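Since every read-out is calculated from the coordinates, none of them should be taken as a lab result. This one's a predicted model, so the numbers in the text were calculated from it and none came from an experiment. For neighbour counting, all protein chains shown are included, and Cβ atoms are generated from backbone atoms with ideal geometry for every residue, glycine included.
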Amino acid sequence: MTPIPSPVSQVSIYPYIPDAPIVVPAVFVEGSGTYSVGTLGLSIFYNLDLTSGMPKFGGVHAGNKYYAIGKDASGKELQTTWLTCLKGGDAPQFGRTTTLGQPRIEADATTSNSADIAYQIHLSGITVDMYVNPTEPLIVPLIEGGKGIATFAGLLPGGTWSVSVAGGERINPLHLGMPVTIRGTNVATGKPFNIPATLVTRNTGTVAEFVQVR
């Protein structure tokens, strides 16, 4: 299910502290923007994008975990799951991806949490082509007219792309390990979006999955 961003208002952002016996003050208040939850295959995607609000006590910082309390379009109170801050400042963005049935490996104090930092772009009209050396005048289409979600996980410059694609027409067969290039239309902006990486086919099923291999 491709999520439709829903308006939210009166949003307060709090640091996420697991099993904390106290409630710490909000570090961002009076926020407004959109919140969306969507699924694709076994993955669940959460995004909170705020366009206004006021930082407090130093505000939010990219890479740290937070949760939000606010009101939806009907005025009903909502509370998000914990989310990772993707961009700080006066218009912060937050995101999280979870996979059903996949055990979570808890990080210790020496383990980087950069893999938790993820941002999703919902795409329509997706075209998947087999990767061909750019000097060769050849295009081998694999999927046309698909829809799905592109995820960038990690921190620049070492982050990686992954893309899940459902539907569309299978022009030529997919094969595990096949290198591909992917482009589509950003649902949020209506503008073309090219994945700036070569990806490898990881799953050829109904929901095809592609990952960047470094």
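Taking the Cβ of each residue in THR39, THR206, THR201 as the centre, tally the other Cβ atoms inside 10 Å and list the residues starting with the fewest. Mind showing how you got there, number by number?
Numbers: THR39 14, THR206 9, THR201 19.
By the 10 Å Cβ count, ascending: THR206, THR39, THR201.
Suppose every Lys and Arg Cβ carries +1 and every Asp and Glu Cβ carries -1, with no other charges. What dipole size does segment 6-99 come out with about its Cα centre, to the nearest 20 debye?
Charge dipole of segment 6-99: 100 debye, to the nearest 20.
Looking only at segment 157-187, which residues have a backbone nitrogen under 19 Å from a spot 7 Å from the Cα of THR206 in the C-beta direction?
164-171, 174
Would you kindly derive the ³J(HN,Hα) couplings of segment 80-88 from the backbone phi angles with the Karplus curve 6.51 cos²θ - 1.76 cosθ + 1.60 (θ = phi - 60°), listing them in order in whole Hz, with x for Gly and Pro?
For segment 80-88, the Karplus-derived couplings read 7, 5, 5, 9, 8, 6, 9, 8, x Hz, x marking Gly and Pro.
Report D for segment 6-99 in µm² per second (integer): Stokes-Einstein, Kirkwood Rh on Cα pairs, 10 °C, 1.306 mPa s. Let's see the in-between values first.
On the way: Rh = 13.2 Å.
D = 120 µm²/s.
Dimensions of segment 116-212 along principal axes (Cα, Å, largest first)?
Principal axes ranked by extent give 34, 25, 25 Å for the Cα atoms.
What does the charge dipole of segment 116-212 about its Cα centre add up to, to the nearest 20 debye, if the Cβ of each Lys and Arg holds +1 and the Cβ of each Asp and Glu holds -1?
So the dipole magnitude of segment 116-212 works out to roughly 140 debye.
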